[in-house]
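The values are calculated or read from the model by the stated rules, or taken from the named source; none is laboratory data. The structure presented is a predicted model; accordingly, all values stated were derived computationally and were not measured. Glycine also receives a Cβ, built like all others from the backbone with ideal geometry; neighbour counts cover every protein chain displayed.
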2 protein chains.
Amino acid sequence: MPVRLDRSSADFDQRFAAFLAAKREVSADVEAAARAIVDDVAKRGDAALLEATAKFDRLTLDAASLRVSAAEIEAANKACDAATLDALKLARDRIEIYHRRQLPQDERFTDPLGVELGWRYTAIESAGLYVPGGTAAYPSSVLMNAVPAKVAGVSRLVMVVPSPDGKLNPLVLAAASLGGVTEIYRVGGAQAVAALAHGTATIAPVAKIVGPGNAYVAAAKRLVFGKVGIDMIAGPSEVLVIADDTGNADWIAADLLAQAEHDASAQSILITDSARLAADVEKAVEAQLKTLPRAAIASASWADFGAIIMVKNLGDSIPLADAIAAEHLEIMTADPDALAAKIRNAGAVFLGPHTPEAIGDYVGGSNHVLPTARSARFSSGLSVHDFMKRTSILKCGPDQLRALGPAAMTLGQAEGLDAHSRSIGLRLNLS
Amino acid sequence: MPVRLDRSSADFDQRFAAFLAAKREVSADVEAAARAIVDDVAKRGDAALLEATAKFDRLTLDAASLRVSAAEIEAANKACDAATLDALKLARDRIEIYHRRQLPQDERFTDPLGVELGWRYTAIESAGLYVPGGTAAYPSSVLMNAVPAKVAGVSRLVMVVPSPDGKLNPLVLAAASLGGVTEIYRVGGAQAVAALAHGTATIAPVAKIVGPGNAYVAAAKRLVFGKVGIDMIAGPSEVLVIADDTGNADWIAADLLAQAEHDASAQSILITDSARLAADVEKAVEAQLKTLPRAAIASASWADFGAIIMVKNLGDSIPLADAIAAEHLEIMTADPDALAAKIRNAGAVFLGPHTPEAIGDYVGGSNHVLPTARSARFSSGLSVHDFMKRTSILKCGPDQLRALGPAAMTLGQAEGLDAHSRSIGLRLNLS
């Protein structure tokens, strides 16, 4: 049974705080194991990478067969169902159009003193994209990570994907082709992250690593952070639905279950001011679970982490939504835009009854890599910005240096940094 | 003696790679100690914070005296030299003007199918600013961290600064006032980071923590990352000067030393195509060191990590500069803008002979918190973006769902996520 909370009950604040603080993931202590693998690959390169792949993926490779060949990629493309390939192409095109609008503008301006200022954006030279193997190998995630990188202008885009027992998902290879991936290696785990960060004889290092993975991958990414850039560390997925009495219980139940089927640690929450709707949604969830292929996962998620929160009026949902800071926020109320405008913390909002989150997962165009576990309070979904960086620009002539120099010298002296002051004073004949 | 490298020598590539790989910091293994402190503050709150402050800062406080009072801040402002305060105000105003231009635009558009898409930026609700104590308590850094947060719209901005033996730098408090800091607590180290992340009875938790600190602070920031956002982990500072025969050796030497005086681990590098200039700069460095108050630090940095790299022509400096990816890049050549445009990786560029980096450190207006240790390959200086986050927006009506739904259903089925498909099919009467 999901948690039932009522905003008007006396112990609500306490129960809501406990609900927010509940951990949904057992954080396995895998750091030591990941560190040993990363250090080994950093030291011994390909040899360590090949040994780890033999051990963990039961796959014996040599340096030449680490890379997935052009012929294999072509064969994978041919093996894919045509309708699925068409859907992937539609997704790719829409993601590209959306993300092109994120390309940042350079800036250059001259201030009243004549100082030239500004900044310039450039693409990261190379990026590595981690793709999980097995059942979590989602072609849609390949597109969501690869397309923003290509739009940003990343020229070298390297994908790593484990191939347990030699198996690779053809759709993942097809998505990589569509997404503009330039190299694919059949390796995974902490060893693949280490290879991307430190480089081996076969795999040249990259500047940044993105993409989801298991606890070993996440630990390895934390370990190489600094040596290379990394994206966020993704946790289990979550959805918050805010609905009023206009909400369709069957549709809402379907959306809660679409989240719950991801993972037993996923979380689905409904906030509503309608007791009628709350009861109907709960019944609809039970009914739909009966015929769902992934019912075992979805019902565990719903029972352990699901929640229905009653509020007196929709205004009361705003601070709760901000505290939950959901990865996905669906609003199905009479005026969803007005409510959305008042909510600060959410990875993505889906407005109105005809925008199930699954549209955004695949073909909406916006990115489905979004901040989880309340991190929407301080971070954003994946974007073109994650594959670019900014260089600030400053240019003074003699007049500008004369105007600004004395204040800078004063501050340098106040901070005990005399060489800072002198570097200006020397130019102004003041020292 | 600094390293001398010559691009035309046979072993250059090997020596340059070794130079790039050389570690400048001994990374003390402080993680276990930091973890114990963070866990203690997370569990016992104020009591643990006060005990750690007594132990590390030799300062006995109670919950009431943790916070720096309005009267103390006013007294600090009065204790500051008027010229220094004026310089801080000039810096504050110029930083604000520059950073206002970084405020991102929201986006909302309707695509040809009628789908409404876009995104909305909002400020992070609260941020914590770590300021080191002792000699590294720089008022300029307070402004560089606080002003972008205020421009972004962060309403609650909390500063923590250790007060060893009860001492606080009045200029740091004055800069905090000028920068719009709303609360100041006299605590530091891993315990202050833990208090900001987990909250105590006295200090409410924040959503993101920024600012530089020692190894314990850096380790604590890594530990709380995920619970809260953090900025980059800053390493020792560095400057790369690219100059041709037009360069003024005294000015260049002064700039190299301004970097070197920060820290014995700081790094100053000159790349030039002029053997005459290289020799003159080396002589000027030695001459200027003789009268520099922080000569011990600067000469250690120059001897251990300094470098002069000779190239045949300035074009050869471009790939070297991109590999070094310097925090600060000064270009003093006949046409600095043209060369800067060809370099991809740098935290900030300073163009021409009249733009010493010290201007940018204090009063240029751009941010002096910049990526170190080659991380300019994948990251940017501190900006307004670091204090905002983006929520993506998607809205379909029935027609748009009919147009996009079937492709999303196909992908959901291909990924084995039937509840995803059903959430669409149910709305389209397809399931």
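Annotations
- Residue B:334, sole failed condition from (1) without any contact (Cβ under 8 Å) to a residue 60 or more places away in the chain; (2) more than 25 Å from the chain's Cα centre (by Cα): (1)
- Restricting region B:201-249 to residues that are without any contact (Cβ under 8 Å) to a residue 40 or more places away in the chain and within 30 Å of residue B:286 (Cα to Cα) leaves a set whose member that is farthest from the chain's Cα centre (by Cα) is B:245.
- For residue A:230, the criteria (1) over 27 Å from residue A:189 (Cα atoms); (2) buried (at least 19 other Cβ atoms within 10 Å of the Cβ); (3) touching a helix residue (DSSP H, G or I) at 6+ places or on another chain (Cβ under 7 Å) hold in every case but one, which is (1).
- Single residue of B:138, B:98, B:121, B:130 found to be aromatic (Phe, Trp, Tyr) and modelled with pLDDT under 95: B:138
- Hey, residue B:315 modelled with pLDDT of 95 or more, surrounded by fewer than 22 Cβ atoms within 10 Å (Cβ to Cβ) and more than 11 Å from chain A (Cβ to nearest Cβ) or not: yes
- From B:10, B:18, B:22, B:33, residue being closer than 30 Å to residue B:256 by Cα and in contact (Cβ under 8 Å) with a residue 12 or more places away in the chain: B:22
- Check on residue B:423, facing chain A (nearest Cβ under 7 Å), closer than 22 Å to residue A:253 by Cα and without any contact (Cβ under 8 Å) to a residue 40 or more places away in the chain: yes
- Residue in region A:146-156 that is assigned to a strand (DSSP E or B), more than 30 Å from residue A:107 (Cα to Cα) and touching a residue at least 24 places away in the same chain (Cβ under 8 Å) present: no
- Leading residue by the ranking (surrounded by the most Cβ atoms within 10 Å (Cβ to Cβ)) among those in region B:170-197 that are of a type in the set (Ser, Thr, Tyr) and in contact with a strand residue (DSSP E or B) (Cβ under 8 Å, 6 or more places away or on another chain): B:185
- Filtered residues of region B:94-127 (kept if within 18 Å of residue A:344 (Cβ to Cβ), in contact (Cβ under 8 Å) with a residue 24 or more places away in the chain and either in contact with a Pro (Cβ under 8 Å, 6 or more places away or on another chain) or buried (at least 16 other Cβ atoms within 10 Å of the Cβ) (or both)): B:104, B:118, B:119, B:120, B:121, B:122, B:123, B:124, B:125, B:126, B:127
- Of all positions in region B:78-101, at least one carries a residue that is in contact with a Ser or Thr (Cβ under 6 Å, 6 or more places away or on another chain) and under 27 Å from residue B:123 (Cα atoms).
- Unique residue being more than 7 Å from chain B (Cβ to nearest Cβ), closer than 25 Å to residue B:329 by Cα, out of contact with any His (no Cβ under 6 Å at 6 or more places or on another chain) and crowded, with 24+ Cβ neighbours inside 10 Å when the list is A:386, A:399: A:386
- For residue A:196, the criteria (1) farther than 30 Å from residue B:220 by Cα; (2) at pLDDT 95 or above; (3) within 14 Å of chain B (Cβ to nearest Cβ) hold in every case but one, which is (1).
- Among the residues making up region A:281-312, a single one is hydroxyl-bearing (Ser, Thr, Tyr), in contact with a helix residue (DSSP H, G or I) (Cβ under 7 Å, 6 or more places away or on another chain) and surrounded by fewer than 24 Cβ atoms within 10 Å (Cβ to Cβ): A:299.
- Residues located in region A:284-319, provided they are over 15 Å from residue A:261 (Cβ atoms), touching a residue at least 60 places away in the same chain (Cβ under 8 Å) and hydrophobic (A, V, I, L, M, F, W, C): A:307, A:308, A:309, A:310, A:311, A:314
- Taking the numbered list (1) surrounded by fewer than 24 Cβ atoms within 10 Å (Cβ to Cβ); (2) touching a Gly at 6+ places or on another chain (Cβ under 9 Å) in turn, residue B:200 passes all entries but (1).
- For region B:213-227, the candidate set comprises residues that are surrounded by fewer than 21 Cβ atoms within 10 Å (Cβ to Cβ) and in a loop (DSSP other than H, G, I, E, B); within that set, the residue that is nearest to the other protein chains (Cβ to nearest Cβ) is B:226.
- Verdict on residue B:66 being in contact (Cβ under 8 Å) with a residue 12 or more places away in the chain and in the same structural domain as residue B:187 (by TED's automatic domain parsing): yes
- Residue that is surrounded by the most Cβ atoms within 10 Å (Cβ to Cβ), among those in region B:2-41 that are in contact with a Lys or Arg (Cβ under 9 Å, 6 or more places away or on another chain) and hydrophobic (A, V, I, L, M, F, W, C): B:34
- So residue B:361, is it part of a loop (DSSP other than H, G, I, E, B), out of contact with any strand residue (DSSP E or B) (no Cβ under 7 Å at 6 or more places or on another chain), outside the structural domain of residue B:90 (by TED's automatic domain parsing) and acidic (Asp, Glu): no
- All positions within region A:372-383 that are assigned to a loop (DSSP other than H, G, I, E, B) and facing chain B (nearest Cβ under 8 Å): A:373, A:378, A:379, A:380, A:381, A:383
- Filter result for the condition that a residue is without any contact (Cβ under 8 Å) to a residue 60 or more places away in the chain, buried (at least 24 other Cβ atoms within 10 Å of the Cβ) and facing chain B (nearest Cβ under 7 Å), over A:414, A:407, A:348: A:348
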